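Below: one structure, written as structure tokens.
The values are calculated or read from the model by the stated rules, or taken from the named source; none is laboratory data. These figures come from a predicted structure and were not determined experimentally. As a convention, Cβ positions derive from the backbone with ideal geometry for all residues, glycine included, and neighbour counts pool all protein chains shown.
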Amino acid sequence: MLKYEEIIDYIKNSIKTEKLDHPKKLPSIRFIQNLFHCSAGTVLKAYTKLEQDHIIYSVPKSGYYIINDFHDKSSSKHPIIDFSAVNLNAESFPYKNFQHCLNKSIDLYKEKLFTYSDPRGLKSLITVLSKHIQSYQIFTKSDNIIITSSSQQALNILSTMPFPNGKSNILVEQPTYYGMIKYLELNNIPVLGINRDFNGIDLDELEKLFKYGNIKFFYTIPRFHNPTGTSYSKQEKQEIIKLAAKYDVYIVEDDIAADLDMNKKNDPMFSYDTSSKVIYLKSYSKVLMPGLRVAALILPELLINKFLEYKRWTDMSSPILSQGALEIYIKNGMFDAHMKHLVSLYANRVHSLKSTLLENRHPRINYNIPDSGYFGCLYINGSLKYDKVITELQHKNIKIFDTSECFLKEYKCNNYFRLTISEVNEKQIVKNIPILLEVLNKYLD
């Protein structure tokens, strides 16, 4: 390790452990120079790097000071163990590479930043995506791809706009992504549910709903379902596609975690569709950053014009800067390199989660932990004092997601516990999962 890097580690550790003489101000350059027996230039290089990383800032003729936000997050003696967050951990994101892409995007598209762009999205990004998604067995014309400002925006528009089948009800899995639930309920959009558990869904019940339920579309997360973590088999996907074609029901396939699937033979529903009934949705925010606000939607031709009409009066166009940066990031191979690292990182965490649960088995707690993806899920057999569980976990600095938000009102259930691994490392998993299980056991009736 170089001398200036040793200084950086010393300063960061001193901030975290609150060992600085002054809680907000860094030691003088002369002090660090004497401590590490180095030149003033070496200390200045270390401080400059800390400043570039937004950890400290300088005040002329006064010195260097700690940015409050970093101090607050780093100095906690009892860090929050967050099993609730789905978004990518900040430490796992390659800021420098993406920053270069943002800067290049400004250079390439600076003139378009001051005008409303094509509501379909940046053409050059669409061209790049049409090639990139072929690795997921998605083959489509560029004209069928539309860029939206998020997967949530795409779902909102699809839920609101009329469909060619003239039907009005939306069918959702129970449980499912809570953002979809909230939008439907807030806007009084007619919605029906179908149970999905660790064993999948009842295809006979699905056929009845498709046949008699006046279903406009079926919203599904076939791969790494949120919140159960389950995936449909090839046979299940093909059967659902067959039923959709038979009863004129569209399918909205939310493929949120396609990039994290290590099984390259696990093809999306879209790849089996021969009747133009599948609408494919893919977000890039979860594996990059929420602020990117870019998702890709593949629509059957009959839906494109109506969708664009609704989108145009929702936000006019999706952000050019983010689209351009993503285009460059994918085109230059940075996205694939990032995903290779992330898949390995998450697979190790999921393995730790699975092995820790296996070592701490409980007769009334079932679990589903996939081989990769964002999360696993626990299911409690029996009644549970849910509020007391949440309160005690908070006291122990363990944060979990309230999965009751993933249910329609008539399906409400507190028996599921989604465990997300984005913000926790392997050591934290091994240490805190037994604590979580102990609390659950304490409040089981």
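Against the list (1) more than 30 Å from Lys123 (Cα to Cα); (2) touching a Leu at 6+ places or on another chain (Cβ under 6 Å), the condition Arg349 fails is (2).
Would you confirm whether any residue within region 327-349 is among the β-branched types (Val, Ile, Thr) and surrounded by fewer than 16 Cβ atoms within 10 Å (Cβ to Cβ)? Even if it seems obvious, please write down each step before you answer.
In the first step, residues of region 327-349 are kept if they are among the β-branched types (Val, Ile, Thr); the result is 328, 330, 343.
Imposing the further condition that a residue be surrounded by fewer than 16 Cβ atoms within 10 Å (Cβ to Cβ) reduces the set to none.
No, there is no match, as no residue in region 327-349 is among the β-branched types (Val, Ile, Thr) and surrounded by fewer than 16 Cβ atoms within 10 Å (Cβ to Cβ).
From the residues in region 53-84 that are surrounded by fewer than 10 Cβ atoms within 10 Å (Cβ to Cβ) and more than 26 Å from the chain's Cα centre (by Cα), which one is modelled with the lowest pLDDT? Residue satisfying both the conditions and the ranking: Lys77. Annotation: Val191 fulfils all but one of (1) in contact with a strand residue (DSSP E or B) (Cβ under 9 Å, 6 or more places away or on another chain); (2) modelled with pLDDT of 95 or more; (3) on the phi > 0 side of the Ramachandran plot; the unmet one is (3). Checked against the criterion of being under 27 Å from Lys182 (Cα atoms) and over 17 Å from the mean Cα position of the chain (by Cα), the candidates Leu393, Leu321, Leu419, Leu358 yield just one match: Leu393.
From Leu260, Leu288, Leu297, grab the single residue that is of a type in the set (A, V, I, L, M), modelled with pLDDT of 95 or more and not assigned by TED's automatic domain parsing to the domain that holds Thr420.
On the way: Leu260 fails: modelled with pLDDT of 95 or more; Leu288 fails: modelled with pLDDT of 95 or more.
Answer to the check: Leu297.
Listed by position, the strands (runs of 3 or more DSSP E) inside region 352-445 whose residues that are of a type in the set (Phe, Trp, Tyr) number at least 2 are 375-380, 416-420. Within region 157-186, residues that are over 25 Å from Arg120 (Cα atoms) and assigned by TED's automatic domain parsing to the domain that holds Val252 have Cβ atoms under 6 Å from residues that are among the aromatic types (Phe, Trp, Tyr) and modelled with pLDDT under 95 in these pairs: Gln174/Tyr411, counting only partners at least 6 apart in sequence or on another chain. For region 165-188, name all the residues that are surrounded by fewer than 15 Cβ atoms within 10 Å (Cβ to Cβ) and aliphatic (A, V, I, L, M). Within region 165-188, just Leu186 meets the criteria.
Residue-by-condition table, conditions (1) among the β-branched types (Val, Ile, Thr); (2) not in a helix (DSSP H, G or I):
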| position | (1), (2) |
| --- | --- |
| Thr127 | yes, no |
| Lys131 | no, no |
| Ile157 | yes, no |
| Lys167 | no, yes |
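For region 249-271, how many residues are surrounded by 16 or more Cβ atoms within 10 Å (Cβ to Cβ) and either farther than 24 Å from Thr148 by Cα or basic (Lys, Arg) (or both)? Result for region 249-271: 1.
Residues in region 409-418 that are touching a Ser or Thr at 6+ places or on another chain (Cβ under 9 Å) and surrounded by 14 or more Cβ atoms within 10 Å (Cβ to Cβ): Cys413, Asn414, Asn415, Tyr416, Phe417, Arg418.
Take the conditions in contact with a Lys or Arg (Cβ under 6 Å, 6 or more places away or on another chain), buried (at least 22 other Cβ atoms within 10 Å of the Cβ) and within 19 Å of Ile279 (Cα to Cα) and apply them to Lys237. Does it pass?
On the way: in contact with a Lys or Arg (Cβ under 6 Å, 6 or more places away or on another chain): no; buried (at least 22 other Cβ atoms within 10 Å of the Cβ): yes; within 19 Å of Ile279 (Cα to Cα): yes.
So Lys237 does not fit the description; no.
Quick check on my filter: what residues within region 10-29 are modelled with pLDDT of 80 or more, surrounded by 12 or more Cβ atoms within 10 Å (Cβ to Cβ) and closer than 22 Å to Pro79 by Cα?
Here is the first cut: in region 10-29, the residues modelled with pLDDT of 80 or more are 10-15, 25-29.
Those left that are additionally surrounded by 12 or more Cβ atoms within 10 Å (Cβ to Cβ): 10-12, 14-15, 25-29.
Scanning region 10-29 gives Tyr10, Ile11, Lys12, Ser14, Ile15.
When you check Asn87 against the structure, is it modelled with pLDDT under 85, in contact with a Pro (Cβ under 7 Å, 6 or more places away or on another chain) and under 25 Å from Arg349 (Cβ atoms), yes or no? For Asn87, the condition - modelled with pLDDT under 85, in contact with a Pro (Cβ under 7 Å, 6 or more places away or on another chain) and under 25 Å from Arg349 (Cβ atoms) - is met.
Tell me, which strands (runs of 3 or more DSSP E) lie completely within region 179-255 with 2 or more residues that are under 18 Å from the mean Cα position of the chain (by Cα)? Per the criteria, 215-220, 250-254. Do the conditions hold for Lys246, that is, is it of a type in the set (D, E, K, R), modelled with pLDDT under 95 and in the same structural domain as Ala325 (by TED's automatic domain parsing)? It is false that Lys246 is of a type in the set (D, E, K, R), modelled with pLDDT under 95 and in the same structural domain as Ala325 (by TED's automatic domain parsing).
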